[in-house]
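The values are calculated or read from the model by the stated rules, or taken from the named source; none is laboratory data. Quantities reported herein were computed from a predicted structural model and do not represent experimental measurements. Every residue, glycine as well, gets a Cβ built from its backbone with ideal geometry; the counts of neighbours run over all protein chains shown. Just the protein is used for accessible areas: all its heavy atoms, side chains included, with ligands, DNA and RNA removed. Shrake-Rupley method; radii C 1.70, N 1.55, O 1.52, S 1.80 Å.
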Amino acid sequence: MKNPTAQAALEWRDGLPYSPAFDDVYFSSDDGLLETEYVFIQGNALISRWQLLAGNAFTVLETGFGTGLNFLCACKAWLEYAPAHAVLHFTSVEKFPLSTPDMHKALLHWQTLQVIADELFAHYDTLLDTGTVSLFNNRVQLQVLFGDATACLSGLDIKADTWFLDGFAPAKNPDMWQPALFTQMARLSNSGATFATFTSAGIVRRGLAAVGFTVIKKPGFGKKREMITGYLTENDHGC
């Protein structure tokens, strides 16, 4: 989906990207990289799942592409642990994409991801223009849908193996964290699909449980007391 939306207006505070519109940070000031690995990679048990992957493809759906940090961490793990013949399909939604200069500045923050970040940045203008790019010799297919999360997801016809449920906190971005979003998650999930998210807000726990996800509380990262993960036990929403 070509990008028809306004780009994000960022402020940089102590070298970190901050959204004045949502009064929230893009990633943890404790250590955004470690938080992403803890919440989304470990929270979805992706390394072990990719090491044992029997098929030729794996699909991740994400709410909130932001600086691309979650995507970069997923790429790093995929290239290291997944079978060489398999393809990662990573689809994200983003209402306010970062400008090219802001994305470049954000990507420079992660030196251990620089080789992967360079690949993303080399294709970022194309991503903004077309919404899709193929990376790492076609081992990773990235699609970003620009616009409201629920509206974008409602137009999809794919099945996720894993969800990265990100985006600004429910208290700061209530328009996204709505029952309609969770309904779309169930519709677009394979049975057994997992999710992970940094928040343990009641509206999220109840919303996911209402559409068939088993919700599990876990210790949060850094200053966050709790986060949640879970899985869809039986999908009767999408067929």
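Between T132 and K224, what length in nm is gained on full extension when 0.36 nm per residue of separation is reduced by their alpha carbon distance?
Here the segment from T132 to K224 would lengthen by 29.8 nm.
Scan around D24 for amide H atoms under 5 Å from its own, H built in the peptide plane at 1.01 Å from N, and keep only partners 5 or more places away or cross-chain.
Hits under the 5 Å cutoff: S19.
Treat each spin label as a single point 7 Å out from the Cα along the C-beta direction, and report the I203 to L108 distance in nm.
3.6 nm
If r is the Cβ-Cβ distance from H123 to E11 and R0 is 25 Å, what FRET efficiency results, to the nearest 0.05?
Efficiency for this residue pair is about 0.45.
Which value, in Å² rounded to 10, gives the accessible area of M185 with a 1.4 Å probe and all protein chains present?
Number for this one is 0 Å².
Amide H of Y231: which non-local residues (sequence gap of 5 or more, or other chain) have their own amide H closer than 5 Å, using H built in the peptide plane?
Correct list: F195, T214.
Explain nothing, just the number: dipole magnitude of region 82-239 about its Cα centre with +1 on each Lys and Arg Cβ and -1 on each Asp and Glu Cβ, in debye rounded to the nearest 20.
760 debye
Based on C-alpha coordinates, I'd like the Rg and Dmax of region 114-239, in Å.
When restricted to the Cα atoms of region 114-239, Rg and Dmax are 15.9, 42 Å.
Using θ = phi - 60° and the Karplus curve 6.51 cos²θ - 1.76 cosθ + 1.60, what whole-Hz ³J(HN,Hα) does each residue of region 9-14 get, with Gly and Pro shown as x?
9, 9, 10, 10, 10, 6
Residue by residue through region 141-151, what is 3J(HN,Hα) from phi via Karplus (6.51 cos²θ - 1.76 cosθ + 1.60, θ = phi - 60°)? Round to whole Hz and write x for glycine and proline.
Couplings: 10, 10, 10, 10, 9, 9, x, 4, 4, 5, 4 Hz.
Could you tell me the extents of region 1-98's C-alpha atoms along the three principal axes, largest first, rounded to whole Å?
44, 34, 17
Amide H of E226 versus every other amide H placed in the peptide plane: which residues, excluding those fewer than 5 positions away on the same chain, fall under 5 Å?
HN-HN under 5 Å from E226: G220.
Post the alpha-carbon centroid distance, region 155-202 to region 65-133, in whole angstrom.
Comparing the Cα centres of region 155-202 and region 65-133, I get a distance of 20 Å.
So what's the back-of-envelope 222 nm ellipticity for the chain, counting only DSSP H runs of four-plus at -39500 (n - 2.57) apiece and dividing by all residues, rounded to 500?
That comes out to -8000 deg cm²/dmol.
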